[in-house]
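The structure appears right after this line, and notes come after that.
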Amino acid sequence: MNAKQEAKLNMFRATQKSAVNSLNAKITSIIATAQQEDLVTKGITIDKAEAKKTLCQLAADVAAPIIAYAAANSNNQLLKEVSFTYSDLFKTKDDQLAPRCKNIHDAAQANLAALGTYGISAATVTILQNTINNYQAKVPDPRNAAAQKVTIRANLKNLIKEADTVLKLQMDKTIVGLKKTHPDFVSTYKSNRVILDPSKTSTSIKGVIISSVD
């Protein structure tokens, strides 16, 4: 290799390094964005599920003594209003659960003086209301999550497009000048540029392995 060729190779290396750094930054952003998309839904779903379990258990625990009180006093109207088990409540649709539990709360509040001997106190009623409020605050979250995912997916699409641009306009063009001096490297690079079909691989993650000129 003469001095001119060596100088050109050094230029190729510098260009490749710049392109690699740019591509690495894009890959890091793509991975972070993909993780964000996953966490948005899973985190909210888990939080809401836990809030629902807590509310259903507490509401059922409050309803049981009221049922006993209503039965003892032949109050069929009250009995009908609060006759819900944990299972009944947990099967209730999200938008109907809070109102149903609120009816149990209101029944407890209205009969608080008589329910003292059944283990229901003002503090119990307050805790139930706070638990209802906590659950209601989480119910709209999945809709918000869906909106967030639209934005995240748009960002992900743009990042992948930008990474493609780095490959096509920088790395692919730089590699052309190495065909004569480093044919093996160019051959390996081209092999790594092949996008594997996700349906024929064990993983859906696609990537590019960058080999060094050194």
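Rounded to the nearest 0.05, what FRET efficiency is calculated for ALA147 and LYS93 with R0 set to 22 Å and r the Cβ-Cβ distance? Could you put the intermediate results ahead of the total?
Working: r = 21 Å, r/R0 = 0.97.
It comes to 0.55.
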TODO: Please work out the FRET efficiency for the pair THR28 and VAL176, using the Cβ-Cβ distance as r and a Förster radius of 25 Å; give the result to the nearest 0.05.
DONE: 0.40
Task: Anisotropy class of region 79-127 from Cα gyration tensor, a/c 1.5 cut - done: prolate
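Where a number appears in this text, it was derived from the coordinates with a stated rule and is not lab data. In this text the structure is predicted, and so the values were computed from the model without any measurement. Please note: Cβ atoms are built from the backbone with ideal geometry, for glycine as well, and neighbour counts cover all protein chains shown.
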